[in-house]
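A quick write-up on the structure given underneath.
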Amino acid sequence: MSARAAGSAVETARADAGLAIRLEGVSLGYGRQAVLEDLHLDIAPGEVLVIVGPSGSGKSTVLRAIAGLLAPRAGRVLAEGVPVTGPSPDRAMVFQDDALLPWRTVRRNVELPLRIRGVPRRERGTAAASWIARVGLAGCEDRLPRELSGGMRQRVQLARSLAGAPRAVLMDEPFGALDAQTRAGMQRLLLDVLRDTLATVVFVTHDVDEALLLADRVVVLGQGGGQGGGYGGIGCVLRVPDPRTPDIDRAGLRARIIEEL
Amino acid sequence: MSTPALDAALAPNAPAAASADAAAATGRTRTAAGLRRWAVRLGSLAVVVALWQWLTTADARLGLRFDRLPSPAEVATEFGRQLGTRIYYLDLAQSMIRILTGFALAAVAGIALGVLVARSRWIGDLLLPPVEVVRPIPAIALVPIAILVFPTDEQGIVFITFAAAFFPIMVSTRHAVRALPTLWEDAVRTMGGGRAHVLWNVVLPGTLPGVFGGLSVGMGVAWICVISAEMISGEFGVGYRTWHAYTVVDYPAVLVGMASIGVLGWVTSASIELLGRRLTRWLPRGEGTAR
């Protein structure tokens, strides 16, 4: 277990400590179409769990279920032992792209979760300003999303999701639409930001290198439904030794994940 | 003619951070081009008026009989005379009060109902059938009913205006709400936002572009109907005055009435358009492509 996760385990009494998430026999799907059957997964408080899988394997579907946006067809999703029945500000979500409200400026987008929670105006402003600076966008507070590049928009989304001080951050391929260079920068920023937070992170990606860079543990999802009526499920769960440490050769683990995919 | 005029009026302060420098550099040529375009527009208008003057004073009969049509000069004289009377302004005010009351009621009711029926299947099933039955009836065909049901003519005319503007606004709102991407709603819900937050922070701002389409169309048909209703049952108003002039065969006054209606309609539509642009500045439209 990483130092970060172990540290948070000691401090579970803190209100901003990471959320323990558990999936018990969860089946997910849209309409009559099942995507995933009988998932079991325990996510420890404060850990960074990365879900990898080919497109159509239902990675995002799992995330939507944890967020409370999609009700399971069977089984239960538990957050801190309590069944999830709907979205909660405890579980913030970062979407792939275009999830900023285009009519709100950067500042007003970042302030939104605080406003919804009823934080007074002045505190909202201070918290938003510090998060905007944290993601390197100081000076862009009054711009509209359409005046920002894709990478800058994702920075704003990151600031917006963290401004509400969530206990879990669910990230749905947040860097999937970015070019390689911007993506590397965003990954560095994320690592930097995560160092200071105790929140549990569930990160979905199809990029194995990104998974190995960020994860305490990697969950590989098998090929999902569709042909043959076979359902997807958890292929394997792999622990990453010395997580988020640069210059460690992870070729073996990488090969293992690619084999599972 | 209204739209290009507005474009030109808005062009200098159209905001676009990225192209601001470029705009400054080409500012001078733009002004020159703008002046040329204005000259063409005014010239076009002047040619039409000159043609009208010539046809009427020459008593032209080219299949169409222009000999009995008042000339621009006669209309201008009549217009000048009316501008000095109190009744002219009373009529304008009366028509404006009617249309603004009816239109405001229609905007509130149309947006509210459009959102409700698009967001709730149950309310849709409950309210849409009667609405859909009444919708194809032209508002002006409701005049006999309005005369029967409403205690005063005034209320009847406002009702007709309301009925005319209501349907385009309601239908546009409904479509705009249905076409709204679910992503924004999901985002607000994962921040802990409830129905009211989603409505206020996502549905209302997100549907504004579509809603303003409905408001523009609504304002247009509202004018058609308020004028028609005034012609049928009013005692004041531009429509009543124009029809009255016709019954006493005072054609210059008829044309003054028509021109007044045109100007009022243009001012109200342009106001809606301007307000719509101000409120939807966030839309991804380039400076040059502003419609």
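The values are calculated or read from the model by the stated rules, or taken from the named source; none is laboratory data. Given the structure is predicted, the values throughout are model-derived calculations rather than measurements. Cβ: placed from backbone, ideal geometry, glycine included. Neighbour counts: every protein chain shown.
A few remarks follow.
- Note on region A:36-62: residues that are within 16 Å of A:ALA17 (Cβ to Cβ) and touching a helix residue (DSSP H, G or I) at 6+ places or on another chain (Cβ under 8 Å) amount to 5.
- Taking the criterion of being more than 12 Å from chain A (Cβ to nearest Cβ) and closer than 24 Å to A:ALA67 by Cβ, the only residue of region B:192-211 that qualifies is B:LEU199.
- Residue check for A:VAL156: part of a helix (DSSP H, G or I), surrounded by 24 or more Cβ atoms within 10 Å (Cβ to Cβ) and in contact (Cβ under 8 Å) with a residue 24 or more places away in the chain: yes
- So B:ASP67, is it exposed (fewer than 13 other Cβ atoms within 10 Å of the Cβ) and at positive phi: no
- All told, B:ALA73 falls short of being within 24 Å of the chain's Cα centre (by Cα) and closer than 24 Å to B:LEU264 by Cβ.
- The one condition in (1) out of contact with any Phe, Trp or Tyr (no Cβ under 9 Å at 6 or more places or on another chain); (2) in contact (Cβ under 8 Å) with a residue 60 or more places away in the chain; (3) more than 19 Å from B:GLY192 (Cα to Cα); (4) away from every other protein chain (no Cβ under 11 Å) that A:LEU28 fails to fulfil: (2)
The rows are residues; the columns are (1) among the hydrophobic types (A, V, I, L, M, F, W, C); (2) farther than 27 Å from A:VAL50 by Cα; (3) assigned to a loop (DSSP other than H, G, I, E, B).
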position	(1), (2), (3)
A:ARG115	no, yes, no
A:GLU123	no, yes, no
A:THR126	no, yes, no
A:TRP131	yes, no, no
A:ALA138	yes, yes, yes
A:GLY176	no, no, yes
A:ASP196	no, no, yes
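- Just one residue in the set B:PRO136, B:PRO129 is at negative phi and assigned to a helix (DSSP H, G or I); that residue is B:PRO129.
- Whichever residue in region A:138-153 is more than 12 Å from chain B (Cβ to nearest Cβ) and either among the charged types (D, E, K, R) or crowded, with 21+ Cβ neighbours inside 10 Å (or both) and, among such residues, is farthest from the chain's Cα centre (by Cα): A:GLU141
- Taking first residues from region A:245-261 that are farther than 25 Å from A:GLY233 by Cα and partners that are in a loop (DSSP other than H, G, I, E, B), the Cβ contacts under 7 Å between residues at least 6 apart in sequence or on separate chains come to A:ILE248/A:ASP242.
- Within region A:105-137, being free of Cβ contacts under 8 Å to residues at least 24 places away in the same chain and either in contact with a Leu (Cβ under 9 Å, 6 or more places away or on another chain) or more than 14 Å from chain B (Cβ to nearest Cβ) (or both) holds for A:ARG108, A:PRO120, A:ARG121, A:ARG122, A:GLU123, A:ARG124, A:GLY125, A:THR126, A:ALA129, A:SER130, A:ALA133.
- Selection status of A:LEU190, part of a helix (DSSP H, G or I) and not small (Gly, Ala, Ser): yes
- The single condition from (1) away from chain B (no Cβ under 14 Å); (2) among the aliphatic types (A, V, I, L, M); (3) surrounded by fewer than 18 Cβ atoms within 10 Å (Cβ to Cβ) that A:LEU190 fails is (3).
- Among (1) over 13 Å from the mean Cα position of the chain (by Cα); (2) aliphatic (A, V, I, L, M); (3) within 20 Å of A:VAL219 (Cβ to Cβ); (4) buried (at least 20 other Cβ atoms within 10 Å of the Cβ), the one test that A:ALA65 misses: (1)
- For B:PRO168, the criteria (1) crowded, with 23+ Cβ neighbours inside 10 Å; (2) more than 14 Å from every other protein chain (Cβ to nearest Cβ) hold in every case but one, which is (1).
- Of the helices (runs of 4 or more DSSP H) entirely within region B:175-291, those holding at least 3 residues that are crowded, with 17+ Cβ neighbours inside 10 Å occupy B:182-190, B:204-233, B:238-247, B:251-279.
- Residue within region A:55-69 that is more than 14 Å from A:LEU170 (Cβ to Cβ) and either in contact with a Ser or Thr (Cβ under 7 Å, 6 or more places away or on another chain) or part of a helix (DSSP H, G or I) (or both) present: no
- Subset tally (residues that are of a type outside the set (Ser, Thr, Tyr) and surrounded by 17 or more Cβ atoms within 10 Å (Cβ to Cβ)) for region A:79-96: 11
- Residues in region A:147-174 that are in contact with a Lys or Arg (Cβ under 9 Å, 6 or more places away or on another chain) and over 24 Å from A:PRO87 (Cα atoms): A:LEU148, A:GLY151, A:MET152.
- Residue match in region B:212-222 (condition: touching a Pro at 6+ places or on another chain (Cβ under 7 Å) and either within 11 Å of chain A (Cβ to nearest Cβ) or within 22 Å of B:TRP243 (Cβ to Cβ) (or both)): yes
- Boolean, A:ASP38 is surrounded by fewer than 20 Cβ atoms within 10 Å (Cβ to Cβ) and in contact with a Ser or Thr (Cβ under 8 Å, 6 or more places away or on another chain): yes
- Filtered residue count, region A:159-174, keeping only those that are part of a helix (DSSP H, G or I) and in contact with a Pro (Cβ under 7 Å, 6 or more places away or on another chain): 2
- Selection within region B:255-288 - farther than 25 Å from B:ALA146 by Cβ and among the hydrophobic types (A, V, I, L, M, F, W, C): B:LEU255, B:VAL256, B:ALA259, B:VAL263, B:TRP266, B:VAL267, B:ALA270, B:LEU274, B:LEU275, B:LEU279, B:TRP282, B:LEU283
- Taken over region A:68-99, residues that are in contact (Cβ under 8 Å) with a residue 60 or more places away in the chain and either away from chain B (no Cβ under 14 Å) or in contact with a Gly (Cβ under 9 Å, 6 or more places away or on another chain) (or both) amount to 9.
- Residues of region A:208-245 that turn out to be more than 20 Å from A:ASP172 (Cβ to Cβ), modelled with pLDDT under 80 and out of contact with any Asp or Glu (no Cβ under 9 Å at 6 or more places or on another chain), as a count: 5
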